[in-house]
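Below: the structure, in structure tokens.
All of the numbers you see were taken from the coordinates with simple rules; none came from a lab. Since the structure is predicted, the reported quantities are computational estimates derived from the model, not experimental observations. Ideal geometry is used to build each Cβ from the backbone, glycine not excepted, and the neighbour counts take in all protein chains shown.
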Amino acid sequence: MSNAYPLCMIPRDDSDASNCQLEVRVLVVDDSHDAANVLTAVLLSANFSARAAYDGPSAVEATSSFLPHVVLLDLDMPMMDGYATAERMRQLDLEKPPLLVAHTSKSDVESIAATAHAGFDLHISKPYEVQYLVDLLLRTLSVRLCGGQPLRLRRD
């Protein structure tokens, strides 16, 4: 059974369709330093540019400076939970807002509905195979950034 739930249609951005070898920036947000660091390392090894943030306020700050294409956002964090963090990220004046992915252990219908209502683009439930996440991101971003053409990752 699939662990990812698309929550809305992802708008296509044809501006980069002619060049689908891109640096794809991913921000991993989790209050578990170990979980965030391991996932960041895995994404780096898959040729994504990745950074970790460990709380909502630092994630919002990193979104402003790092300008990620994707934010993998844990929902259950102290200080500022994933819902409030996502809301603050959407309030940033960004030319290209990131794809917001609820990255959580919750997979019940109510949680999926709550993330959809909160404006997340995808909901992925832990645990999952890492290759599943990499494939999901590549497929989703190939539509969003490359007009459906295959996306080749490049790190600058």
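Give a residue-ordered list of calculated ³J(HN,Hα) values for the range 124-129 (Karplus: 6.51 cos²θ - 1.76 cosθ + 1.60, θ = phi - 60°; whole Hz; x for Gly, Pro).
Karplus values, whole Hz, x for Gly and Pro: 10, 9, 7, x, 7, 6.
Pull out the extension gain between Leu67 and Glu129, defined as 0.36 nm times the separation in residues minus the alpha carbon to alpha carbon distance; nm, one decimal.
Stretched fully, the Leu67-Glu129 segment lengthens by 19.7 nm.
Only Lys, Arg, Asp and Glu count, each charged at its Cβ (+1, +1, -1, -1), so figure out the dipole size of the chain about its Cα centre, rounded to 20 debye.
Here the chain has a charge dipole of around 500 debye.
Among Leu136, Thr85, Ser32, which residue has its Cα positioned farthest towards the positive end of the charge dipole of the range 19-153, with +1 placed on the Cβ of Lys and Arg, -1 on the Cβ of Asp and Glu, and the dipole taken about the Cα centre?
Leu136
Plugging the Kirkwood radius over Cα pairs into Stokes-Einstein for the range 78-156, at a temperature of 20 °C and a viscosity of 1.002 mPa s, what D comes out in µm²/s?
Approximately 151 µm²/s, per Stokes-Einstein.
Suppose R0 equals 25 Å; then what is the FRET efficiency for Asp156 and Glu87 from their Cβ-Cβ distance, rounded to the nearest 0.05?
Efficiency for this residue pair is about 0.25.
Can you pull the three principal axis extents for the Cα set of the range 44-107, in Å, largest first?
Principal-axis extents of the range 44-107 (Cα, largest first): 29, 27, 19 Å.
Which whole-number percent of Cα pairs in the chain have a distance greater than 18 Å?
Summing the P(r) of the chain above 18 Å gives 55 percent of all pairs.
Quick one: work out the % antiparallel among DSSP beta bridges in the chain, nearest 5.
Among the beta bridges of the chain, antiparallel pairing accounts for roughly 15 percent.
By how many degrees, between 0 and 90 and to the nearest 10, does the Cα long axis of helix 56-66 differ from the longest principal axis of the chain?
10
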